[in-house]
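Sharing a structure below in structure tokens format, with a few things to ask.
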Amino acid sequence: MQLYNNVKNKVMQADKKQIVLDTLAKTTKRLRGNKSQYMLGAEYDIPSSVISDIERGVKDPQFTTLLKLSFALNIPISKFMKEYEKDLPDNFLYGDV
């Protein structure tokens, strides 16, 4: 039973992390608008492959990358995070991410 609970908790953690990554992907795409990934990245030293990975929900970026991204989008990191939180599912809790 303990093994089952441990596995169940790991699966739930993985699901929550994917929700976080998928939400970051949605927010980044929305805020980027019509600007290409290449142009956004080239101007601010963010490889377009990193932006692509973020927007596909397969990259858990470093905080410094999020800072660069918010700067590239011409918004403060606090606004970026507020926009991100708007895209999270209702009643989402960060515990066990």
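The values are calculated or read from the model by the stated rules, or taken from the named source; none is laboratory data. Keep in mind that what you see is a predicted model, and the values were worked out from it rather than measured. When we count neighbours, we look across all protein chains shown, and the Cβ atoms used for this are built from the backbone with ideal geometry, even at glycine.
For the structure I just gave you, tell me whether Asp15 is modelled with pLDDT under 95, out of contact with any Leu (no Cβ under 8 Å at 6 or more places or on another chain), charged (D, E, K, R) and not in a helix (DSSP H, G or I).
No.
If you don't mind, there's one more thing I want to ask. Among the residues that make up region 83-94, is at least one of them in contact with a Leu (Cβ under 8 Å, 6 or more places away or on another chain), at pLDDT below 95 and either aliphatic (A, V, I, L, M) or loosely packed, with under 12 Cβ neighbours inside 10 Å (or both)?
No, region 83-94 contains no residue that is in contact with a Leu (Cβ under 8 Å, 6 or more places away or on another chain), at pLDDT below 95 and either aliphatic (A, V, I, L, M) or loosely packed, with under 12 Cβ neighbours inside 10 Å (or both).
While we're looking at this one, here's another question. Only residues that are more than 12 Å from the chain's Cα centre (by Cα) and either within 15 Å of Ala25 (Cβ to Cβ) or surrounded by 14 or more Cβ atoms within 10 Å (Cβ to Cβ) (or both): list them for region 47-66, please.
The answer is Ser48, Ser49.
Here's a follow-up. When you scan region 69-82, how many residues do you find that are touching a residue at least 24 places away in the same chain (Cβ under 8 Å) and either part of a loop (DSSP other than H, G, I, E, B) or surrounded by 17 or more Cβ atoms within 10 Å (Cβ to Cβ) (or both)?
Residues in region 69-82 being touching a residue at least 24 places away in the same chain (Cβ under 8 Å) and either part of a loop (DSSP other than H, G, I, E, B) or surrounded by 17 or more Cβ atoms within 10 Å (Cβ to Cβ) (or both): 5 in total.
Quick one: count up the residues across region 38-62 that are under 20 Å from Met81 (Cα atoms), at pLDDT 95 or above and in a helix (DSSP H, G or I).
Within region 38-62, residues that are under 20 Å from Met81 (Cα atoms), at pLDDT 95 or above and in a helix (DSSP H, G or I) number 6.
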